[in-house]
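Comments concern the structure below.
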Amino acid sequence: MVSPFDDHDPTFERVSPVRRATTRCVPARALQRPGWITAIDVAAVVCFAALLGLGMLRLVRLADDATDLIVAAAIAPVAYLAADLASGLVHWFCDTFFCETSPLIGRLLIQPFREHHRDPLALTRHGFFELNGNNCLALIPMLALWSWQQGNLSGAPSVACEAFVVWFSFAVFATNQLHKWAHAHAVREPVRWLQQRGLVLSPEHHSVHHRAPHGRAYCVASGWMNPLVDRLGLFPWLESVARGIGITRQDAPPIATRAAA
Ligand SMILES: [Zn+2]
Ligand SMILES: [Zn+2]
């Protein structure tokens, strides 16, 4: 299959892992992804799995009749839409503000997004923890707060609220995998089936984001929110708000260069 991402800059020096590492890429990669970042990725995935497991247990305990199950199922598409929007907001923010050398956030959060525009296929070579660690890290405060609240609230939360938190967390967790599949040269038939029907992010839909002016289609779970968000001009408006309070763009040079090309 011909990928819409095959036209990326071939002169770019790949710095992400390759199946047969070369002496050229390993030192750069070790600089970008030192051991402490890998340790944070692993810890984040483990903590996220534990907190999501707690949420699922609470949901199973709460949903004790058929109506509850229908409510829990009906919440899933709403949570999936919300996760798509959340993916767009985080993606836009990390593509636009701060830089890879910003303290802490630069290595953990900004670098993967900037690398993705220099080398869109790097994502397809990331291992499980590198791929999912930053999403898990972002979800942990929300899940921890939600779990803490459940222990301190009088009365049980509604099935709808608990289901939303569980589905939303799972969908956000899946976002990087869905994005990775949109860039992969080959995916398994069920995944391609889902992509062709627009149920998950498709390569064709996502390729818009990787074409100049690089300012559209930021949502990368299903991409369902992109037409609405782009038509409303949500991200340009948010950027103007940020400018108004003194926060200016620091997007990666390759984006600016390629946008101008
Ligand atoms: Zn991007
Ligand atoms: Zn992409």
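Structural remarks
- Criterion violated by Ser87 - all others in (1) polar (S, T, N, Q); (2) surrounded by fewer than 21 Cβ atoms within 10 Å (Cβ to Cβ); (3) at pLDDT 95 or above satisfied: (2)
- Residues of region 168-186 satisfying the condition of being away from ligand 1 (no atom under 16 Å from the Cβ) and either farther than 14 Å from Leu121 by Cα or of a type in the set (D, E, K, R) (or both): Phe168, Ser169, Phe170, Ala171, Val172, Phe173, Ala174
- Among (1) away from ligand 2 (no atom under 16 Å from the Cβ); (2) closer than 30 Å to Val71 by Cα; (3) surrounded by fewer than 22 Cβ atoms within 10 Å (Cβ to Cβ) - the single one Thr248 does not satisfy: (2)
- Residue within region 29-39 that is within 18 Å of Ala174 (Cβ to Cβ) and crowded, with 18+ Cβ neighbours inside 10 Å present: no
- Pairs are defined by a Cβ separation below 7 Å, a sequence spacing of at least 6 or placement on different chains, a first member in region 111-129 that is free of Cβ contacts under 8 Å to residues at least 24 places away in the same chain, and a second member that is more than 10 Å from ligand 1 (Cβ to nearest atom); the pairs so defined are Pro112/Asn134; His116/Ala122; His116/Leu123.
- For region 166-210, a residue qualifies if it is part of a loop (DSSP other than H, G, I, E, B), within 16 Å of ligand 2 (Cβ to nearest atom) and among the small types (Gly, Ala, Ser), and the qualifying residues are Ala184, Ser202.
- The single condition among (1) under 17 Å from the mean Cα position of the chain (by Cα); (2) over 22 Å from Glu239 (Cβ atoms); (3) surrounded by fewer than 19 Cβ atoms within 10 Å (Cβ to Cβ); (4) touching a residue at least 60 places away in the same chain (Cβ under 8 Å) that Ala144 does not meet is (1).
The values are calculated or read from the model by the stated rules, or taken from the named source; none is laboratory data. Because the structure is a prediction, the values reported are computed rather than measured. Using ideal geometry, Cβ is built from the backbone for each residue, glycine included, and neighbour counts are taken over all protein chains shown.
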